[in-house]
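Let me begin by presenting the structure, written as structure tokens, before commenting on it.
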There are 2 protein chains.
Amino acid sequence: MLAASASLLNVKVVILDVGDHAPAKQIVAPLGPELAHVDGSFADPEKIRELASKVDVLTVEIEHVDATTLEEVRAASQGKQLAVHPSPSTIQIIQDKYRQKQHLASHGLPVSDFVAVESSIESISSVAEKLGLPLMLKSRTMAYDGRGNFVLRDIQQAQQAIDFLGNRPLYAEKWVPFSKEVAVMVVRSANGEVQSYPVVETVHKNNICHLVFAPLRSRDASLSQRARSIAENAIKTFSGAGVFGVEMFLMEDDSIFINEIAPRPHNSGHYTIEACETSQYENHLRAILSLPLGSTALKVPSSVMLNLIGYSSSMDEITKTANVALSIPGASIHLYGKSECRKGRKMGHITIVAESDLQLRTRLRPLLQSLPGSTPEEVDSYAPAFPARGPGFSDPNPLVGIIMGSDSDLPVMLPAARILDQFNIPYELTIVSAHRTPDRLVEYARSASARGLRSIIAGAGGAAHLPGMVAAMTALPVIGVPVKGSSLDGVDSLHSIVQMPRGIPVATVAINNGMNAGLLAVRILSAGIPRLIDAMDNYMKNMEQEVLGKVQKLEEVGWENYQVKRT
Amino acid sequence: MLAASASLLNVKVVILDVGDHAPAKQIVAPLGPELAHVDGSFADPEKIRELASKVDVLTVEIEHVDATTLEEVRAASQGKQLAVHPSPSTIQIIQDKYRQKQHLASHGLPVSDFVAVESSIESISSVAEKLGLPLMLKSRTMAYDGRGNFVLRDIQQAQQAIDFLGNRPLYAEKWVPFSKEVAVMVVRSANGEVQSYPVVETVHKNNICHLVFAPLRSRDASLSQRARSIAENAIKTFSGAGVFGVEMFLMEDDSIFINEIAPRPHNSGHYTIEACETSQYENHLRAILSLPLGSTALKVPSSVMLNLIGYSSSMDEITKTANVALSIPGASIHLYGKSECRKGRKMGHITIVAESDLQLRTRLRPLLQSLPGSTPEEVDSYAPAFPARGPGFSDPNPLVGIIMGSDSDLPVMLPAARILDQFNIPYELTIVSAHRTPDRLVEYARSASARGLRSIIAGAGGAAHLPGMVAAMTALPVIGVPVKGSSLDGVDSLHSIVQMPRGIPVATVAINNGMNAGLLAVRILSAGIPRLIDAMDNYMKNMEQEVLGKVQKLEEVGWENYQVKRT
């Protein structure tokens, strides 16, 4: 993928990898005898030197390289000015997860407690006493996709852990009972400028990255900014240029720990190819070539990446899922051209983009169903059917929130819900009373946008404060429905809702007209979902036809026989 | 670009082109001695036969191929089942522009008048008499990018035309005084299913495609549907699978003529790589491989493609523009890796995506300025500065329309305009009176969405019909501002605007509160431009700070000395 980005900029590339048909070599034709690709391992000093002799800038796509040789070729090249990115010292720190944690902790970055441990029952027991059980035992080097990790749940397992992890140097991490895993890609230029991509939610399966949702939705409006700034601060502490993946744990109390850092384009950034203004690959290139960094902004509302992991030695399962993806709008298939399939090997990935989280998860559903061994529960948890709980229940990925001050307002608000049903727009419906549940009001309004809502419909009667107070605590467009009470014919509610002071608007509709509130929400959403314009046009044409039908009926039966339907 | 798409699907590709370093060959490493790329011309029968012997499916990226040989290899392959797409007969019809026009006319598709003409002064004179002057003389074959075209403005130029066009078979076309050139990419599966991409506006310079804007904006809401259906119907008449570019002329009266058809991925479809759910290249592959066709929907609100045309034998001018593009958010650079630059040669292209037409044109401006020989007038016409005419004048790419029933409403509506200025949102401001200019009302409301507006703010007083009548004729969200008249304190306007019948909502704000109408428009736009959420959050924090400042001042000076500012 890095090579594909390079070709768009006329950047010539020489690859070091094993074999003549390694994936990257398939899409970079050799540049001629002088600049032929190198056949060998990225851990072989001789091969690294050979590659270094052919290029001006050398970068890595995996951190398990021979960083000592990288530093040696960089130092030896003073005349030629070979640039190596990220800097070999950065790779060395990151290669050793214990050193990585020490480095982060020493810069005041949030990591869970960790200590060095020896491969002995005594040492493990003493650490377990200190950090508690379960305890995460990790190999300091060459650990990825769960390899080199052991979860010690009982001190009796110590010998088993030693056998599993072998004689490699180890360290221990306090168990982190995270609520979610999140990640941020950060690009760093050689002069230390950093820029971060949106926060994503990552889902692992068998310790391998399975799904990546972008952007992250949360109840905590500050979370995204906090996670990005932790990630950016972490990457500022390293030297050299390039893209870095920062994997983090999100706790129940919304605090964040850094889990680990990858000094290269990362699986959690694959979605950027289709979903962002500049992909992580192009930004890696820009960074290591000292070109201006590209925009990291999302260009679509919602996206997800699904890894295609080998299930056996056959490509059949991969092909099956790819074939399903061919029929899913917004799905882009990336097969890596690896020569053989193996269980647990990353053979490709699929990215889906969508206008909303609901559309995204609807598009994702058949893909998850096509995976070997997928269970209905798993599919439902990441890609529920729509409507998830049947009519009359809130959708898990709402674009519109319908709230009312009292359950007695429900008859007025139901037509709004029915309109959204008719336009297949996901929504939630609940009670939020400004006067009786003020804390709930604050929490609801403040979290609305971060949770993914794009508009709120609020109904209230009498001294109808709900719509205006919600509008005061969210930047979203708020639609107010004045509900007619027992006195004043609803004029009290109307004036309470519409006569907002300068600075905070409420989009007010007619008294008791929940239906128009639903229709206004559809029109508002069309600012981000253009196909709703056509849908609304059709709705309006149908209304027109309905009235024209009545015109005809009036002609046919005469007005003396015409029955007026009252609704 | 086709080869790059193929690699994502693990589709193996063999290329026929001249030289070992032809662009496509740079990104498809040879598959081994048996399946080596072919070095030669796509017009050389021997080379076509060699390529055909190596593949299961053969396609072309240029129509000036030897179609006879293509048909021959296809027919000869009955055992092997070689598929050739599009079918050689389709290529033959399209290669000969006169036959192409006859074919289209015979299927009832709209083309301008045309007749065959001989290379003689007599024949040309007689045709000029019939079709009028100026007259377009065209070579029937091997004509593209304006080569093989001669505009006969005076009958005296007949000999000059004959000399210019040489001895090639000619035909003449009636002059088409088009207002715009538009194009539609259509993908056709082998079984005849067609799907079209959005209509784009194409801008030519020196007869070469210069800019492509997607989607097309127009005053005529039906235009897009009409153009797509003409393009789809045209492609249904041909045989074989693949992507086709349909170039059309749009006339002042909104009628449409087909100009010509390209039987392959086309320059006017390059934008699809970044801007659509499936690119024209991937859809061409899907079509010729009999895979399901991909979604042709836009995934971004606005996009433009700029061709990078060689200006001299040096790449310097191209490099200069590409360097400018590196600093433009949303710009993707595609350099083709062609070995030498020539004046008029397509060396690459740049696609920009954006959240709105204004942002798009603002991003495009520095690119156009960087082109050799660009004039300020040219730059201004395609990428005006913002605000285009200074404060107090309508923007040419408005997202919001501010309209009022009478110029006396201006003081109430100005605060809405000032809010949009503050948020850098492009808008137009004008007078539309429901009662005094009803036709203008209809035209304004019906064209609003096709012109690119996403919301309308309408202010009116008394029997305030404007907001509701506009809402009845557009699917956009309409914000109503009740203007206080000389009697009833504005309650008449408020009730006229807010009490809309079920089916047609108006988002009503407080009496005389144009400012809140502006703020509501910003909130509505945030449904499609998420960064406006942050901008509105900041705005609200500033308001909060302002009030907190007053709290402090009250403490400091005491309420007896506090001066209340009235606004």
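The values are calculated or read from the model by the stated rules, or taken from the named source; none is laboratory data. This structure is a prediction, so every number in the text was calculated from the model and none was measured. With ideal geometry, Cβ positions are generated from the backbone for all residues, glycine too; neighbour counts draw on all protein chains shown.
Observations
- Some residue of the range A:483-492 being of a type in the set (A, V, I, L, M, F, W, C), farther than 14 Å from B:Val506 by Cα and assigned to a helix (DSSP H, G or I): yes
- Selected residue (criterion: farthest from the other protein chains (Cβ to nearest Cβ)) from residues of the range A:274-318 that are hydrophobic (A, V, I, L, M, F, W, C) and within 21 Å of A:Val84 (Cα to Cα): A:Ile288
- Of all residues in the range B:379-420, those being over 31 Å from the mean Cα position of the chain (by Cα) and farther than 21 Å from B:Arg451 by Cβ number 9.
- Verdict on B:Lys541 being surrounded by fewer than 17 Cβ atoms within 10 Å (Cβ to Cβ), within 13 Å of chain A (Cβ to nearest Cβ), farther than 19 Å from A:Pro482 by Cβ and of a type in the set (Lys, Arg): yes
- Within the range A:505-529, considering residues that are closer than 23 Å to A:Met469 by Cβ and part of a loop (DSSP other than H, G, I, E, B), the one farthest from the other protein chains (Cβ to nearest Cβ): A:Asn512
- Residue match in the range A:63-72 (condition: touching a strand residue (DSSP E or B) at 6+ places or on another chain (Cβ under 7 Å), over 22 Å from A:Leu291 (Cβ atoms) and either in contact (Cβ under 8 Å) with a residue 60 or more places away in the chain or among the small types (Gly, Ala, Ser) (or both)): yes
- Unmet criterion (only one of (1) in contact with a Pro (Cβ under 8 Å, 6 or more places away or on another chain); (2) loosely packed, with under 15 Cβ neighbours inside 10 Å) for A:Arg389: (1)
- Answer residue from the range B:479-497, given it is of a type in the set (A, V, I, L, M, F, W, C) and more than 22 Å from B:Leu453 (Cβ to Cβ) and is nearest to the other protein chains (Cβ to nearest Cβ) among those: B:Leu494
- Per-region count, the range A:141-163, residues in a loop (DSSP other than H, G, I, E, B) and within 18 Å of A:Leu131 (Cβ to Cβ): 2
- Sole exception among (1) exposed (fewer than 15 other Cβ atoms within 10 Å of the Cβ); (2) at the interface with another protein chain (Cβ under 10 Å from one of its Cβ atoms) for B:Gly19, by number: (2)
- Selection count, the range A:448-471, where residues are assigned to a loop (DSSP other than H, G, I, E, B) and either within 19 Å of A:Ile431 (Cβ to Cβ) or more than 11 Å from chain B (Cβ to nearest Cβ) (or both): 7
- The residues of the range A:217-258 that are free of Cβ contacts under 8 Å to residues at least 60 places away in the same chain and not in a helix (DSSP H, G or I), listed by number, are A:Ser222, A:Val243, A:Asp253, A:Asp254.
- Any hit, the range A:79-94, residues being over 34 Å from the mean Cα position of the chain (by Cα) and surrounded by 17 or more Cβ atoms within 10 Å (Cβ to Cβ): yes
- Qualifying residue in the range B:280-302 (condition: among the acidic types (Asp, Glu) and crowded, with 24+ Cβ neighbours inside 10 Å): yes
- Failed criterion for A:Ser5 (all others in (1) touching a strand residue (DSSP E or B) at 6+ places or on another chain (Cβ under 7 Å); (2) crowded, with 19+ Cβ neighbours inside 10 Å hold): (1)
- Residue check for A:Ala434: among the small types (Gly, Ala, Ser), more than 13 Å from chain B (Cβ to nearest Cβ) and closer than 24 Å to A:Ala354 by Cα: no
- Matching option when the condition is away from every other protein chain (no Cβ under 14 Å) and closer than 30 Å to B:Val13 by Cβ, among A:Pro372, A:Pro387: A:Pro372
Okay, residues lined up against (1) under 16 Å from A:Phe238 (Cα atoms); (2) of a type outside the set (S, T, N, Q); (3) modelled with pLDDT under 95:
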site: A:Asp66; (1), (2), (3): no, yes, yes
site: A:Lys80; (1), (2), (3): no, yes, yes
site: A:Ile93; (1), (2), (3): yes, yes, no
site: A:Lys101; (1), (2), (3): yes, yes, no
site: A:Ser106; (1), (2), (3): yes, no, no
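- A:Tyr427 meets each of the listed conditions (1) over 30 Å from A:Ala322 (Cβ atoms); (2) modelled with pLDDT under 95 apart from (2).
- Where B:Lys205 falls short, out of the listed (1) in contact with a helix residue (DSSP H, G or I) (Cβ under 7 Å, 6 or more places away or on another chain); (2) surrounded by fewer than 19 Cβ atoms within 10 Å (Cβ to Cβ); (3) among the basic types (Lys, Arg): (1)
- A residue that is buried (at least 19 other Cβ atoms within 10 Å of the Cβ), out of contact with any Gly (no Cβ under 8 Å at 6 or more places or on another chain) and either within 14 Å of chain B (Cβ to nearest Cβ) or of a type in the set (Gly, Ala, Ser) (or both) cannot be found anywhere in the range A:96-107.
- Summed over the range B:102-115, residues that are closer than 17 Å to B:Ala143 by Cβ, small (Gly, Ala, Ser) and in a helix (DSSP H, G or I) total 0.
- Residue match in the range B:397-410 (condition: assigned by the TED database to the domain that holds B:Leu466, among the hydrophobic types (A, V, I, L, M, F, W, C) and out of contact with any Ser or Thr (no Cβ under 9 Å at 6 or more places or on another chain)): yes
- Condition met for B:Leu326 (under 21 Å from the mean Cα position of the chain (by Cα) and either modelled with pLDDT of 95 or more or within 27 Å of B:Leu2 (Cα to Cα) (or both)): no
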